[in-house]
Amino acid sequence: MRAGLVQLCSGDDPSENLAITRALVRDAAGKGAAFVLTPEVTNCVSGSRDRQMEVLRSEAEDETLPALRDEARALGIWLLIGSLALRAEGPGAPFVNRSFLIGPDGVVAARYDKIHMFDVTISETETYRESAGYQPGDRAVLARTPLAEIGMTICYDLRFPHLYSALARAGAQILTVPSAFARPTGKAHWEPLLRARAIECGAFVLAPAQTGEHPTTTDRQRRTHGHSLAVSPWGEVLADGGEDVGVTVVDLDMDEVAKSRGRVPSLTHFRPFEGP
């Protein structure tokens, strides 16, 4: 099965981002990808809550989702919209960070809301409080498709291995990790964490990423790490998207999942324990 990882440098204008995304999704499909994946916050990367309040819409009103559903239908592909930043529909924080899996019929096959919020202080000048703007999800999602069983996660979830082991024990063969990883943590942790999750779970890990210095209409600049990665169930890096906007295609042999889990069947060795 051929997968296509779309690497973007989304700005804070959803309409401009959509035009670029559509072109790259078509490029990936043209290169033979049956499964195409875009990064976290495909529709809008912004460090300004005011700008987000101005341009983000609810799922029902968002322009990116129906357009990419149309692309999936026209191209006959499975499409993971890594995530869309959307207006929340209930009480609480104003936004949700939601991943969508679209079938080749254009129908939404699965939705996943990011569970773990990126509340960190990387340095004196780089601080993030995702929970101040976004509502966390509370449900793990495994999508059963003709391609594979797909466990859906987003970015900061990567640091919580219990989520991935739960998805793998439920049958996930592919783990998706669309991201907008900050540069300092990306340089230090991105590849090791992705390889660790693949090894622990004996699953393919597909991680399309945002990259570069993101266009902005405000004074709040965002910079992301790039390096969209595909990792094998044995922990080998199969493809690295580097730092440029574009498409990386990779062929996956799904038999490798069973082979890796047969060699090291750690998913069947979980034992209860007490303490600490």
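None of the figures in this text is laboratory data; all of them are computed from the coordinates on show. Keep in mind it's a predicted model, so treat the numbers as computed, not measured. Neighbour counts run over all protein chains shown; Cβ positions are idealised from the backbone, glycine included.
Take the alpha carbon gyration tensor of the range 1-138, find the square roots of its eigenvalues, order them as a ≥ b ≥ c, and report rounded if a/c is under 1.5; if not, report prolate when a/b exceeds b/c, else oblate.
Verdict is prolate for the range 1-138.
When DSSP assigns beta bridges and you keep just the ones with both residues in the chain, what percent turn out antiparallel, to the nearest 5? Don't jump to the answer; show the numbers that get you there.
Working: 35 of 50 bridges.
Counting only bridges with both partners in the chain, antiparallel ones make up about 70 percent.
If we count every other residue with Cβ under 12 angstrom of residue 11's Cβ, Lys/Arg +1 and Asp/Glu -1, where does the sum land?
My count for the surroundings of residue 11 gives -1.
For the chain, what size does the Cα cloud have along each of its three principal axes, sorted from largest down, in whole Å?
Projected onto the principal axes, the Cα atoms of the chain cover 52, 49, 35 Å.
Hey, what's the Cα Rg ratio for the range 17-76 versus the globular rule of thumb, 2.2 N^0.38 Å?
The range 17-76 yields a ratio of 1.25.
Hey, what number do you get for the chain at 222 nm if only DSSP H runs of n ≥ 4 count, each worth -39500 (n - 2.57), divided across all residues, to the nearest 500?
One gets -7000 deg cm²/dmol as the mean residue ellipticity at 222 nm.
First check a/c for the range 185-276, with a ≥ b ≥ c the square roots of the eigenvalues of its C-alpha gyration tensor; if it is under 1.5, answer rounded, and if not, answer prolate when a/b is larger than b/c or oblate otherwise.
It is oblate, given that a/c is not under 1.5 and a/b is not larger than b/c.
Show which aspartates and glutamates lie in cross-link reach of residue 259 when reach means a straight Cα distance below 12 angstrom and same-chain residues fewer than eight apart are skipped.
List returned: none.
Which of the peptides 119-131, 153-165, 37-49 is most tightly packed, and how do the rest follow, judged by the mean count of other Cβ atoms within 10 Å per residue?
Answer by packing, highest mean first, reads 37-49, 153-165, 119-131.
Can you tally the net charge around residue 1? Count Lys and Arg as +1, Asp and Glu as -1, for every other residue whose Cβ sits under 9 Å from the Cβ of residue 1.
Taking every other residue near residue 1 into account, the sum is -1.
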